1. Consider Arg230 carefully, then state whether it is at pLDDT below 95, part of a helix (DSSP H, G or I) and open to solvent by 50 Å² or more (accessible area, probe 1.4 Å).
2. Tally time: how many residues in the range 311-349 are of a type in the set (Gly, Ala, Ser) and without any contact (Cβ under 8 Å) to a residue 24 or more places away in the chain?
3. Condition check: modelled with pLDDT under 85, assigned to a helix (DSSP H, G or I) and of a type outside the set (A, V, I, L, M). Does Gly26 satisfy that?
4. Which condition number in (1) modelled with pLDDT under 70; (2) within 26 Å of Asp246 (Cα to Cα) is the one that Gln66 fails?
5. Taking Ala212 and the conditions (1) over 22 Å from Val311 (Cβ atoms); (2) of a type outside the set (D, E, K, R); (3) within 18 Å of the chain's Cα centre (by Cα), which numbered condition does it fall short on, given that it satisfies the others?
6. Would you please list the contacts, defined by Cβ atoms under 7 Å and residues six or more apart or on different chains, that run from a residue in the range 81-97 that is on the phi < 0 side of the Ramachandran plot and open to solvent by 30 Å² or more (accessible area, probe 1.4 Å) to a residue that is of a type in the set (Ser, Thr, Tyr) and part of a loop (DSSP other than H, G, I, E, B)?
7. Where the second residue is among the charged types (D, E, K, R) and open to solvent by 50 Å² or more (accessible area, probe 1.4 Å) and the first is closer than 15 Å to Ile196 by Cβ and lies in the range 298-310, which pairs have Cβ atoms under 7 Å and are six or more apart or on separate chains?
8. Taking the range 158-197, which residues are touching a helix residue (DSSP H, G or I) at 6+ places or on another chain (Cβ under 9 Å), open to solvent by less than 60 Å² (accessible area, probe 1.4 Å) and in a loop (DSSP other than H, G, I, E, B)?
Amino acid sequence: MESRTSPGPATLRHHDAVLGCLRRAGFSIELTAHSYSLLDSYIYGFVLQEAALPFRSGDEAAEVAQQIMGHFPADAYPHLTELAVEHVLKAGYDYGHEFEIGLDFILDALERARHQHSYSPSQVGRVEPANLMGSCSSLWSCFKQLQREVTNDMMRPRAFVLETRRLLLRSLADEDVDAVHRLYADWDVAKTLSRITHPFSLEAARQFVGEAQEALVQGSSYVLGMFERRHGALVGVVSLRIPSMDGARREEERADEARLGILGYAVARPSWGQGFASEGAKRMVRFAFDDLRLDRLQASPLRDNPASGRVLEGLGFTVAEAGILEEPVYGGPPRLADRYLLTRGSAPE
């Protein structure tokens, strides 16, 4: 169920209620299995599609459609153009409304299928009237509630894990706020980074974790805690930002940065000198090239952090631009840095 080996009791209760609803409506076991699979696939598939859309409102949908249409002649794809002009660009368009229309189609089809099977619901309790929507009046609201639950579940940050010999690289969770605070509140760590300010408060740590969770859902950034397998402690953070997936950036900026990843990392002072930065960054590089199929990675360590430069050089990075100024995202004066680059073909095995 949803590819989980240990679903919780709330999930199991919901699935059992849906199955019971279908059985009480007169569906045979075989038809219940087919119907349940169809409904489950539709609801989860719709939510996956909706969550991945590059817009959240009708106005945004119209803007995206117009941008796409502007890239090709109107007669190149006449049917897509017709759909956009006559439907998507109309006032009040909301992709979410498509869910109810599709569900109507499916329920009507299931009702016809049920009538084609001679089955008496006496085994599970006779229900009147025979009509599916009447015999199980809560079915519609049941699936609408499931859609809302799935949507909320999809938008909730899930554990994302990469593994190395000594480390688990895991997406940050709310319970990691204190450890993240200890990491970046240490001036010896913060002063080597251009994207962290000092002092780094507990509230800043909460914001950092929250933004990391949101970016993971959007696919614009992978900010992972480096947890030592031996005792589970956070020894640092490794990150991979993907500018082309950042909806806050201008379209032309995102196009220029297509298939680019920006690597970053920080290690807690008690864990310095143990090779954790190299180990975590190497795994992230492999993830970027092998899984995300990015073409190039860049990193911009500060000049007064030579250890970071040595980590990059050990991974095959070379200096592409020396003496750049890095402006801290969280404030502070620009800092001198070097921009390193690694392309897919030059990455060591």
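The values are calculated or read from the model by the stated rules, or taken from the named source; none is laboratory data. These numbers were taken from a predicted model, which means no experiment stands behind them. Ideal geometry is used to build each Cβ from the backbone, glycine not excepted, and the neighbour counts take in all protein chains shown. Ligands, DNA and RNA are excluded from the accessible area calculation, which covers all protein heavy atoms including side chains. Shrake-Rupley method; radii C 1.70, N 1.55, O 1.52, S 1.80 Å.
1. Numbers: at pLDDT below 95: yes; part of a helix (DSSP H, G or I): no; open to solvent by 50 Å² or more (accessible area, probe 1.4 Å): yes.
The answer is no for Arg230.
2. Qualifying residue count for the region: 4.
3. Numbers: modelled with pLDDT under 85: yes; assigned to a helix (DSSP H, G or I): no; of a type outside the set (A, V, I, L, M): yes.
In short, no.
4. Of the numbered conditions (1) modelled with pLDDT under 70; (2) within 26 Å of Asp246 (Cα to Cα), the odd one out for Gln66 is (1).
5. Evaluating Ala212 over (1) over 22 Å from Val311 (Cβ atoms); (2) of a type outside the set (D, E, K, R); (3) within 18 Å of the chain's Cα centre (by Cα) leaves (1) as the failure.
6. His87/Tyr93
7. Short answer, once both residue conditions are applied: Ser300/Arg339; Leu302/Arg335.
8. Phe160, Thr164, Arg166, Leu172, Ala173, Asp186, Thr192, Leu193, Ile196, Thr197
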